[in-house]
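**Q** Before I ask anything, let me first share the structure, which is written out below as structure tokens.
The values are calculated or read from the model by the stated rules, or taken from the named source; none is laboratory data. Being a predicted model, the structure only gives us computed values, none of them experimental. Note: ideal-geometry Cβ built from the backbone for every residue, glycine included; neighbour counts use all protein chains shown. These accessible areas exclude ligands, DNA and RNA; they are computed on the full protein's heavy atoms, side chains included. Shrake-Rupley method; radii C 1.70, N 1.55, O 1.52, S 1.80 Å.
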Amino acid sequence: MTGFRMAGPLMALREGHSAALVGLLLALFALSQVFLSLPAGRFADKHGLKKPLKLAVVIATLGAMLAVAFPRFEVLCFTALTCGASTGLALIALQRHVGQLANGPLEIKQVFSWMAIGPSISNFLGPFAAGLLIDASGFRAAYFLLALLPAAAWALVRHAKELEPVEHDPSAKRGRSFAMLKDAAFRRLMLINWMLSSCWDVHTFLVPVIGNERGLSATVIGSILGAFALAATAIRLAMPWIAQHLRESVVIGSAMVTTAVLFAVYPLAHTAWLMGLLSVLLGVALGSVQPMIMSTLHQITPKHQQGQALGLRAMAINGSSVVMPLLFGSVGVVLGFSGVFWIVGAVVGLGARLAWTMPDPEPAPEPVSHSS
């Protein structure tokens, strides 16, 4: 998905499509997850790890191969939908599985720190490899390489051991998932998560746009995005140690303040080297956040609803990812893309207070019965 998120918009820009249409294409990566995240969470609660992953691999491969066969904008829109749907389903199943493997708050933070390294590596490999192949052999060759990756994912996970299923309540109402939003701590966590995920969307959307405007090659643009991902990977390698010494609120609040400062400076960077440096610093800040958010989420959510909680989180941040690129494109046309960086940075900076004042999570009690 990360490779297509860089290559697809870049192809659209080179074919002369507007920034607004590029924003639409990026939004489609998240649109399917808005509608499928909650069903995916329930599906993972019921079936565990392998069945959701197998379904995700089939969907991703189908969408990617269509882009290989027909590398056109309208086909890329469909590929974006399938990439988003499959990635969302796979991540929810993986996050639920890993969260239930851990014992205790410290181990939860540590296992999610290790798991977060995987997406960070993909955020580097996808754009960087796609950029190299685009410059060397064209977009179709890049899409073909990306189409092979889902099968590799299945090869890595097919021997994983399934956990004992959590007892499922067949009488649970579909709307029950939203009852979790009545909890103030859960709502605050979702708001913080939305702010920070918007920062990822801003960076992913604007780097290809700005890079194209400044005449940077696909390899350089992919390298800037790759530098961000490598930095996120590096900080996540350190997170198991950091988790032993710092509370979730300290890490998240510091990341929000740092992101606000970097977004204030980013539009002033006019060289690839300076953009790369800022991407590295931004990767360190944003890369430290997800393990802490996932740790808090699993501590405040009952085990039998963790798939649904992850689905709600995915639905919220992907709903934002649908709306925000469209908004970024429109605001960028009116105010310039520097204004997008500054507005989002100001919102995140002001929202840092929510994280600083966030109390330590108290583990959610397990219900005596499903009817309780």
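**Q** Just to be sure I understand the filter: pairs with C-beta atoms under 6 Å, separated by 6 or more residues or on different chains, first member in the stretch 179-202 and more than 21 Å from V344 (Cβ to Cβ), second member modelled with pLDDT of 85 or more and open to solvent by less than 20 Å² (accessible area, probe 1.4 Å). Which pairs pass?
**A** Correct list of pairs: empty, since none qualify.
**Q** Go through A238, A229 for me and flag whichever is part of a helix (DSSP H, G or I), out of contact with any His (no Cβ under 7 Å at 6 or more places or on another chain) and free of Cβ contacts under 8 Å to residues at least 12 places away in the same chain.
**A** Details: A229 fails: free of Cβ contacts under 8 Å to residues at least 12 places away in the same chain.
A238 is the lone residue from the list that is part of a helix (DSSP H, G or I), out of contact with any His (no Cβ under 7 Å at 6 or more places or on another chain) and free of Cβ contacts under 8 Å to residues at least 12 places away in the same chain.
**Q** Does at least one position in the stretch 174-189 carry a residue that is closer than 30 Å to P9 by Cα, of a type outside the set (D, E, K, R) and modelled with pLDDT of 80 or more?
**A** First, pick out the residues of the stretch 174-189 that are closer than 30 Å to P9 by Cα: none.
Checking the stretch 174-189: not a single residue is closer than 30 Å to P9 by Cα, of a type outside the set (D, E, K, R) and modelled with pLDDT of 80 or more.
**Q** Also, quick follow-up: Could you check the stretch 46-159 for helices (runs of 4 or more DSSP H) lying wholly inside it with 2 or more residues that are open to solvent by less than 40 Å² (accessible area, probe 1.4 Å) and over 26 Å from L230 (Cα atoms)?
**A** Correct list: 50-69, 73-101.
**Q** Still on this model: When you go through (1) modelled with pLDDT of 75 or more; (2) surrounded by fewer than 24 Cβ atoms within 10 Å (Cβ to Cβ); (3) part of a helix (DSSP H, G or I); (4) over 18 Å from the mean Cα position of the chain (by Cα) one by one for F263, which number turns out not to apply?
**A** In the conditions (1) modelled with pLDDT of 75 or more; (2) surrounded by fewer than 24 Cβ atoms within 10 Å (Cβ to Cβ); (3) part of a helix (DSSP H, G or I); (4) over 18 Å from the mean Cα position of the chain (by Cα), F263 misses (2) alone.
**Q** Now, a different point. Go through the residues of the stretch 269-288 one by one and say whether even a single one is open to solvent by 50 Å² or more (accessible area, probe 1.4 Å), closer than 24 Å to W114 by Cα and without any contact (Cβ under 8 Å) to a residue 24 or more places away in the chain.
**A** The answer is no, given that none of the residues of the stretch 269-288 is open to solvent by 50 Å² or more (accessible area, probe 1.4 Å), closer than 24 Å to W114 by Cα and without any contact (Cβ under 8 Å) to a residue 24 or more places away in the chain.
**Q** Right, another one. Residue by residue through the stretch 201-221, note down the ones that are surrounded by 21 or more Cβ atoms within 10 Å (Cβ to Cβ), modelled with pLDDT of 80 or more and over 15 Å from P267 (Cα atoms).
**A** Matches in the stretch 201-221: D201, I221.
**Q** Going through the stretch 2-40 one residue at a time, which ones are on the phi > 0 side of the Ramachandran plot and crowded, with 23+ Cβ neighbours inside 10 Å?
**A** Restricting attention to the stretch 2-40, the residues satisfying the condition of being on the phi > 0 side of the Ramachandran plot are 16.
Of everything in the stretch 2-40, nothing turns out to be on the phi > 0 side of the Ramachandran plot and crowded, with 23+ Cβ neighbours inside 10 Å.
**Q** In the stretch 11-30, is there at least one residue being outside any helix (DSSP H, G or I) and under 19 Å from the mean Cα position of the chain (by Cα)?
**A** no
**Q** Another question, if that's okay. Within the stretch 300-353, take every residue that is among the charged types (D, E, K, R) and surrounded by fewer than 24 Cβ atoms within 10 Å (Cβ to Cβ) and give me the one that is modelled with the highest pLDDT. So that I can check it myself, show each step before the final result.
**A** Applying the first criterion (among the charged types (D, E, K, R)) to the stretch 300-353 yields 303, 313, 353.
Pick out the ones that are also surrounded by fewer than 24 Cβ atoms within 10 Å (Cβ to Cβ) and you get 303, 353.
Numbers: K303: 68, R353: 84.
By that ranking, first place goes to R353.
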